[in-house]
Every structure is written in structure tokens, then in C-alpha cells.
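Report on the structure given below.
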Amino acid sequence: MLYAILCYHQEDVVCAWSQEEDDAVMAKLAVIQNRLARQGRLGPVARLMPTTAATTLRKDRDPPLVLDGPFAETKEQLLGFYIVDCASLDEALEIARELGEANPGGSYELRPVALFNPAETPGAGTRITS
Amino acid sequence: MMDVDWIGAALSAARPQALAALTRAFRDLDAAEEALQEACLRALRTWPRNGPPRDAAAWLIMVGRNAAIDAVRRRRREAPLPDEDALSDRDDTEAVLAAELDESHYRDDILRLLFVCCHPELPAGQQVALALRIVSGLSVKEIARAFLTSETAMEQRITRAKRRVAAAAVPFEAPSAPERAERLAAVMATLYLVFNEGYAASGGEAHLRAPLCEEAIRLARLLLRLFPAEPEVMGLAALMLLQHARAAARLDADGAIVLLDDQDRGRWNRPMIAEGLALLDKAMRHRRPGPYQLQAAIAALHARAARPEDTDWTQIELLYGALERLQPSPVVTLNRAVAVSKTRGPQAALGLIEPLREKLAGYFYYHGLEGALLDRLGRRAEARVAFDRAIALAHSPAEAAHIRRHLDRLTAEAEASPDMPPAGAPSCGTA
């Protein structure tokens, strides 16, 4: 079963990290990701830009309305996600717990994936590195 | 279990909203700062034990307000309020308080807090210091270090600024639309000043001042979250990100300035560039161009060029032309001249800057650019005079060293081949 681990955190807190703090968290997360990748259980991973870079298309009207900002204004924002291959919810929770130790604060939402289309997209598989 | 760094990040993220709400509650900035400081001290004591509250700002506002009331009661020998240890996010108190924080007001409260620091009556240096002290919560010591001045001098500067702001008495009522736009413009200008305090640094001071750029970017993101549909705020954030992305390549190991053309573009911060480009993209959709968007668009053209020779100078010249029409200034014309020197050659650029000579007589970059253009035209003696003037006006040892290299080369070339114009002499552009 594929699970999406959706990462919610207060982005103003994450934005207040120094570069060193950010690097330290990313390094800790990379250790876990590398292990999952070696086990063949890691799907796409994405870290999203801050919600200030987001645009929302409200398609419940015609013509759709384009709005600046995220879909919902919430205390915690969707900042990224992992797709992991797990035999059970317990396994997925175990991974989420481990990721949470490396990156405390905020919440993970675990959602079983109903349809997964790992289509090749230009730029997919390339890492944006600093 | 949280460690202290996390608490620090949570406290600084919550600070603008908490301080803005406490300032509204007490109608007094000093009282609000004192209450927030007390609340932060209590957070440092209780959060490691109890875990973080779900809404840090609401927690700080409530505890800060209680602490202030508590202090008054204690003076009156009355019963104290319940300990904040008993509070948690499962209590209704926070939810009630969060509802009390008038949602429609909190944007204007934070804007007001920012605007107080950007009051037009304050000189630029005081605006920047006050913004860093009040909104960012940096200590006087940290700010003094960034400004390369003593703690006492900085303390005095901030005290003076606060006194002026108190006298100016910015009203608490929700601002009208034109007032809000005016406040927003003043705040954007101050945030860019904060950014430039960090960006202009070089040499040994660079590592001390670079955090100012990061702080300015953080505040620009905050402003953008408050006003998500303002293209100029997007432009400002984009401009800062695109410029700061070059930070690692802008100075060499000795802190000397490396010009744009000579920078190792592999050291540019790609995620930062990507975010800047994304914000600019969003801003342009609004078709309401402004000075920050135009400057960001120019920075974006540099960021997009894989090599210096790939730079779209024609487009940059057009953008500077648009910026000149929107915000006429000899400095903008000077920048356009740099683009013109790339598209139409040094002679055309020289023709463009000659009328500016009087206005920019005391401007380092004018003489630096004039020297470089004359140099390219083989007019060495005149170039030398211009470089001499530039070096006298340099703000930092790094700027002086840069011009010194030009002068030394001119001397060497004059000795080696007195009649030959130099081939491909480096230009003097921005870094």
C-alpha cells in the first residue's frame, strides 16, 4: 500500500530557522530517506515553497477565480509530502514517527494513496540543491 | 521534547502578532514589550516541560496580558491569576482569546506595528534600528554589532527613535484604504533598507550583517502573508530573494567585491532564485507594475543567465527605462547606462551619464562607471582621474580595493605599452 505522508508545520516558524538549523534538519531527514530508498520503499518526495508563493484556482465558479495565496488560511500549512510504500498503517506511522524525531513540531497526515501515476515529467528526478 | 532553538524560532515567529495585539491592548509600546518579554521568559520555562502550545502567538498574548494584570494586582495585594502552567491547548481559554483577537484587526495591528518603525519622521538609520529591535526582537547588542557601533550608542538611537514615534501618535483605528496603502509603502521601503544594510556589507563585517538580509526576507514574507494579493509586496520579496541568492558568490575569500560578470554562478542559491522567480511570476499576472517588481525583473534576468554573456541586456535596458519613467532618479539612469554600455557600447553609455555628472558628483558608482567607460574607450588619463575620484568616495575598503586594481592595471599598461588601448578591459558594474 502506498501512503502519502503530508507534512504540516507552521511555516513562519520554519522560515525563522537559520540556514544552519534548516540544513541540520534536512541532513537528519536525508538519513531516513536514504534508508527507505535503499529498501525500495521511497516514492517522490517534495518540499514546497512557502505559501506566499502559492496561487489558488477556485473552480467552483465559471470562469474560475485565481487567488493569491494558499487554498486555506490555517495555523499550520502543507509544506511538503512523501510517498512511501508500507505493508500497513503501523509501518507508515513508524516512518512518520522517525521523520518526526528528525523534524519535531507540526503534524503529519497519513493518507493511503488511491491512484498513483509516476509519469515522467521534465525535471522530475532532478534535485533543486542550494 | 523540544530543544531551545525550536522555542527561539517559535517565539520570533509569533513575536510580531503577539506584540501588535499587546500594543493594542495596552495602547503603549513599552508596556507591550515588557509584557511580551515576561511571557517569553515564562514560555522558556514551561514549553520545554509542557510542549509547545498549538497557537504560540495566542499563548504569548494571553500570558503577557495576564502577567501585566497580575503585576498590578500583586501591587494591590489581591489574588493572582491562575498559573500559565495550568494552561494548555486543550483549554478553551486560548480558543476564546483567539476569537477575541479580532481577525480583521490583526493585519492592521501588525501593519501598524511595522509602520510605527517606518514613520516618515524617523531618519533611515533609526527606522532600521527600531524595526530590528521592535519587530524582529533583536537585542540592542545584536543590532549594535550589525551597525558596527557601541551598545550605548545604539541604545540611545533606539530610545530617541521611540520617543519620536510616541510623539507622532499613530492612531489605532483601522486605516482607510489610502492610509493602508501609504503604510504599506513606508513599511516596504524600511524592509528594503534593512535588507540593504546587510547587502551593502563587505569585508570582515559581511558575516555580521548578512543576517539582516535574512531577517528582511522573513519580514517581507510576513508582510506578504498579511497582504497576499499585493504585487509590489511580491516584487519586494522576489527582489530580496534574487539578490540575496548571490550572497555566497559576491565576495571573495578576503571579503573583496566580486562583480556580477566574474561571479561563480554555481554558488548562487538556486532554491532562493526559484522562489524569487515564482513570486515575480505571480506579481506580473496582476499587470500593475511598480518599482520593486521592475527591479526584481532585472535581478531575474541576471539570475536566469547561465553565463554572463547570456544576459539579456536589451531587456534590462528596457526595464531600467520603465523604472526611470516610474521613479525618475539619476541612480536609475546610471544603472541604465551600464546596460547601454553592453548593448550599444561605452560611447553611448558615456553620453547618457555625462548630464548626471553634477547630480552624482559625490557618488562612488558614478565615477567608477565613468572610469570604466573611459578606460574601454582607451582614454586612460581621463579614466585615471575618474577612478581617483571614485576611490576618494569609496564606502568600504572592498570598494576602494576594487578601484585600486583598475588604477594599478592602468599604471602597468601605461608602462608596458603607452599607446595601446587596453583590450577587453573589465567594466565596473554592480555586484
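The values are calculated or read from the model by the stated rules, or taken from the named source; none is laboratory data. Because the structure is predicted, anything quoted here is derived from the model rather than measured. A quick note on method: Cβ atoms are made from the backbone with ideal geometry, for glycine too, and the neighbour counts reach across all protein chains shown. Side chains are part of the model used for accessible areas, which takes the heavy atoms of the whole protein and leaves out ligands, DNA and RNA. Shrake-Rupley method; radii C 1.70, N 1.55, O 1.52, S 1.80 Å.
Taking the criterion of being part of a strand (DSSP E or B) and free of Cβ contacts under 8 Å to residues at least 40 places away in the same chain, the residues of the stretch A:31-46 that qualify are A:V45, A:A46. Out of curiosity, is B:L236 surrounded by fewer than 22 Cβ atoms within 10 Å (Cβ to Cβ) and either in contact (Cβ under 8 Å) with a residue 12 or more places away in the chain or within 13 Å of chain A (Cβ to nearest Cβ) (or both)? No: the conditions fail for B:L236.
If you take the residues of the stretch B:208-223 that are more than 12 Å from chain A (Cβ to nearest Cβ) and modelled with pLDDT under 85, which of them is farthest from A:T52 (Cα to Cα)? Result: B:L208.
Quick test of your reading of the structure: A:D23 fulfils all but one of (1) of a type outside the set (A, V, I, L, M); (2) more than 11 Å from every other protein chain (Cβ to nearest Cβ); (3) closer than 30 Å to A:A87 by Cβ. Name the failing condition by number. Only one criterion is unmet by A:D23, namely (3). Of all residues in the stretch B:338-368, those satisfying the criterion of being under 25 Å from the mean Cα position of the chain (by Cα) and either assigned by TED's automatic domain parsing to the domain that holds B:I298 or within 23 Å of B:Q315 (Cα to Cα) (or both) are B:V338, B:A339, B:Y365, B:Y366. Beta carbons closer than 7 Å, at least 6 apart along the sequence or on distinct chains, pair a first residue in the stretch B:252-271 that is under 15 Å from B:A398 (Cα atoms) with a second that is open to solvent by 50 Å² or more (accessible area, probe 1.4 Å) and of a type in the set (G, A, S) for B:G255/B:G204. Are any of the residues in the stretch A:8-28 over 27 Å from B:C213 (Cα atoms) and among the hydrophobic types (A, V, I, L, M, F, W, C)? Checked against the condition, which is being over 27 Å from B:C213 (Cα atoms) and among the hydrophobic types (A, V, I, L, M, F, W, C), the stretch A:8-28 yields no hits at all.
For the stretch A:38-50, the count of residues that are facing chain B (nearest Cβ under 10 Å), open to solvent by 30 Å² or more (accessible area, probe 1.4 Å) and in contact with a strand residue (DSSP E or B) (Cβ under 8 Å, 6 or more places away or on another chain) is at least one.
Go through (1) within 23 Å of B:A10 (Cβ to Cβ); (2) loosely packed, with under 14 Cβ neighbours inside 10 Å; (3) modelled with pLDDT of 95 or more for A:D23 and report which single condition fails. Here A:D23 meets the rest and fails (3).
Return yes or no: is B:R221 crowded, with 18+ Cβ neighbours inside 10 Å and without any contact (Cβ under 8 Å) to a residue 24 or more places away in the chain? Yes, satisfied.
So for the stretch B:125-135 (the condition being surrounded by 14 or more Cβ atoms within 10 Å (Cβ to Cβ), out of contact with any helix residue (DSSP H, G or I) (no Cβ under 6 Å at 6 or more places or on another chain) and part of a helix (DSSP H, G or I)), does at least one residue qualify? Reasoning before the result, please.
Of all residues in the stretch B:125-135, those surrounded by 14 or more Cβ atoms within 10 Å (Cβ to Cβ) come to B:125-135.
This time we only want the ones that are out of contact with any helix residue (DSSP H, G or I) (no Cβ under 6 Å at 6 or more places or on another chain), so: B:125.
Checking which are part of a helix (DSSP H, G or I) leaves us with B:125.
Looking through the stretch B:125-135, at least one residue is surrounded by 14 or more Cβ atoms within 10 Å (Cβ to Cβ), out of contact with any helix residue (DSSP H, G or I) (no Cβ under 6 Å at 6 or more places or on another chain) and part of a helix (DSSP H, G or I).
Could you check, for the stretch A:92-107, whether at least one of its residues is at pLDDT 95 or above, more than 14 Å from chain B (Cβ to nearest Cβ) and not in a helix (DSSP H, G or I)? Scanning the stretch A:92-107, I find no residue that is at pLDDT 95 or above, more than 14 Å from chain B (Cβ to nearest Cβ) and not in a helix (DSSP H, G or I), so the answer is no.
Here is a yes/no grid of residues against (1) in contact with a helix residue (DSSP H, G or I) (Cβ under 6 Å, 6 or more places away or on another chain); (2) part of a helix (DSSP H, G or I); (3) among the aliphatic types (A, V, I, L, M):
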| position | (1), (2), (3) |
| --- | --- |
| B:P211 | no, yes, no |
| B:E214 | no, yes, no |
| B:A253 | no, no, yes |
| B:D261 | yes, yes, no |
| B:G266 | no, yes, no |
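Residues are listed down the side, and each one gets a yes or a no for (1) surrounded by 18 or more Cβ atoms within 10 Å (Cβ to Cβ); (2) closer than 27 Å to A:T74 by Cβ; (3) in contact with a His (Cβ under 9 Å, 6 or more places away or on another chain); (4) away from every other protein chain (no Cβ under 14 Å):
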{"position": "B:M240", "(1), (2), (3), (4)": "yes, yes, no, no"}
{"position": "B:D254", "(1), (2), (3), (4)": "no, no, no, yes"}
{"position": "B:A274", "(1), (2), (3), (4)": "no, yes, no, no"}
{"position": "B:L277", "(1), (2), (3), (4)": "yes, yes, no, no"}
{"position": "B:R285", "(1), (2), (3), (4)": "no, yes, no, no"}
{"position": "B:P289", "(1), (2), (3), (4)": "yes, no, no, yes"}
{"position": "B:A303", "(1), (2), (3), (4)": "yes, no, no, no"}
{"position": "B:T311", "(1), (2), (3), (4)": "yes, no, yes, yes"}
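When we screen B:A31, B:A35, B:A10 for residues that are of a type in the set (A, V, I, L, M), open to solvent by 30 Å² or more (accessible area, probe 1.4 Å) and either in contact (Cβ under 8 Å) with a residue 24 or more places away in the chain or not in a loop (DSSP other than H, G, I, E, B) (or both), the only hit is B:A31. Going through the stretch B:2-54 one residue at a time, which ones are within 14 Å of chain A (Cβ to nearest Cβ) and on the phi > 0 side of the Ramachandran plot? Hit for the stretch B:2-54 is B:G51, nothing else.
B:R267 versus (1) closer than 30 Å to B:L184 by Cβ; (2) open to solvent by 50 Å² or more (accessible area, probe 1.4 Å): which is the lone unmet condition? Only one criterion is unmet by B:R267, namely (1).
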